[in-house]
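Novice: Quick one: this structure, given as structure tokens, is what I'll be asking you about.
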Amino acid sequence: MGLRLFFGIPLPHRQAEIIAAWRDSLTLRGRPVAASNLHLTLAFLGDQPADRLAELSEIASRIEASQFSLTLDRLTISHHGLLALGPASPPSALLDLESQLREGLLACGYPLDTREFWPHVTLARRCLIRPGLSAPSYACQIERFALYQSINDGRGMAYIPLLHWLLGR
Ligand code: 2AM
């Protein structure tokens, strides 16, 4: 059996706690994503054999992208009840990171989602849909990205960072 993998950006611990507390204050029920699991997905790989980890690491280590400030200020609730927070204007360094990663993965034959990149942090799933929620604005300094394994531990999904890479200053 393979590993369910994706590349993503972990939210810094302190901001993740603050954002999760704000999300909890909305009382939208549903299934909240634990603060320690909050991340922004860069590329979803699905099930992959463990022996591809070295190649994935090689692809990521070739990326030359800079650290950036990420302002999460656009709130979305989809009709399925997915509550997500993303940047109203994604920084160019984030788009650059995602496109370098996408090119590297496609060149090695990974089948990626063809939909346009939608940078977002999922905060909860299957929420009550309540119109008129106003978006907060949280700024985070992003210094790293990671290769995650997604595991269902019986109580829900856990996202385990397996490897991470620092962005340039
Ligand atoms: P979501 O938060 O919008 O559901 C781990 O599952 C991460 O990968 C989640 O952030 C999830 O996005 C994303 N993800 C899951 N399945 C995906 C898919 N088929 N295509 C793109 N991203 C996916």
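The values are calculated or read from the model by the stated rules, or taken from the named source; none is laboratory data. Keep in mind it's a predicted model, so treat the numbers as computed, not measured. When we count neighbours, we look across all protein chains shown, and the Cβ atoms used for this are built from the backbone with ideal geometry, even at glycine.
Listed here are the residues, each with its yes/no results for (1) modelled with pLDDT under 95; (2) buried (at least 19 other Cβ atoms within 10 Å of the Cβ); (3) farther than 18 Å from L70 by Cβ.
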site: L3; (1), (2), (3): no, yes, yes
site: I9; (1), (2), (3): no, yes, no
site: A20; (1), (2), (3): no, yes, no
site: L40; (1), (2), (3): no, yes, no
site: F44; (1), (2), (3): no, no, yes
site: D47; (1), (2), (3): no, no, yes
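Novice: Could I ask something else about it? Which residues, counting only those in the range 127-143, are over 16 Å from A88 (Cα atoms) and modelled with pLDDT under 95?
Specialist: C127, L128, I129, R130, P131, G132
For every residue, the table says whether it meets (1) aliphatic (A, V, I, L, M); (2) within 16 Å of the ligand (Cβ to nearest atom); (3) touching a residue at least 40 places away in the same chain (Cβ under 8 Å).
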| residue | (1), (2), (3) |
| --- | --- |
| S57 | no, no, yes |
| T71 | no, no, yes |
| G86 | no, yes, yes |
| D113 | no, yes, yes |
| E116 | no, yes, no |
| H120 | no, yes, yes |
| S134 | no, no, yes |
| Y148 | no, yes, yes |
| P161 | no, yes, yes |
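Novice: Name the one entry in C140, C127 that is crowded, with 16+ Cβ neighbours inside 10 Å and either part of a strand (DSSP E or B) or touching a helix residue (DSSP H, G or I) at 6+ places or on another chain (Cβ under 7 Å) (or both).
Specialist: Working: C127 fails: either part of a strand (DSSP E or B) or touching a helix residue (DSSP H, G or I) at 6+ places or on another chain (Cβ under 7 Å) (or both).
Of the residues listed, the single one that is crowded, with 16+ Cβ neighbours inside 10 Å and either part of a strand (DSSP E or B) or touching a helix residue (DSSP H, G or I) at 6+ places or on another chain (Cβ under 7 Å) (or both) is C140.
Novice: Filter the range 94-111 down to residues that are surrounded by fewer than 17 Cβ atoms within 10 Å (Cβ to Cβ) and more than 13 Å from the ligand (Cβ to nearest atom), then give me how many there are.
Specialist: 8
Novice: Being surrounded by 13 or more Cβ atoms within 10 Å (Cβ to Cβ), in contact with a Lys or Arg (Cβ under 6 Å, 6 or more places away or on another chain) and either at pLDDT 95 or above or not β-branched (V, I, T) (or both): is that true of L166 here?
Specialist: Answer is no for this residue.
Novice: Here's something else I'd like to know. A20 versus (1) touching an Asp or Glu at 6+ places or on another chain (Cβ under 7 Å); (2) more than 13 Å from the ligand (Cβ to nearest atom): which is the lone unmet condition?
Specialist: Among (1) touching an Asp or Glu at 6+ places or on another chain (Cβ under 7 Å); (2) more than 13 Å from the ligand (Cβ to nearest atom), the lone unmet condition for A20 is (1).
Novice: Give just the number: which of (1) more than 27 Å from D24 (Cβ to Cβ); (2) of a type in the set (A, V, I, L, M); (3) surrounded by fewer than 15 Cβ atoms within 10 Å (Cβ to Cβ) does I160 not satisfy?
Specialist: (1)
Novice: Kindly list the number of the only condition in (1) within 24 Å of A34 (Cβ to Cβ); (2) within 16 Å of the chain's Cα centre (by Cα) that fails for F117.
Specialist: (1)
Novice: Sticking with this structure for a sec: Tally the residues that are farther than 21 Å from L166 by Cα and surrounded by 13 or more Cβ atoms within 10 Å (Cβ to Cβ), restricting the search to the range 114-124.
Specialist: 4
Novice: Condition check: among the aliphatic types (A, V, I, L, M), surrounded by fewer than 19 Cβ atoms within 10 Å (Cβ to Cβ), farther than 16 Å from A139 by Cβ and at pLDDT 95 or above. Does L56 satisfy that?
Specialist: no
Quick grid of which residues meet (1) more than 24 Å from E58 (Cβ to Cβ); (2) small (G, A, S):
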{"site": "A88", "(1), (2)": "yes, yes"}
{"site": "S92", "(1), (2)": "yes, yes"}
{"site": "L106", "(1), (2)": "no, no"}
{"site": "E116", "(1), (2)": "yes, no"}
{"site": "V121", "(1), (2)": "yes, no"}
{"site": "R125", "(1), (2)": "yes, no"}
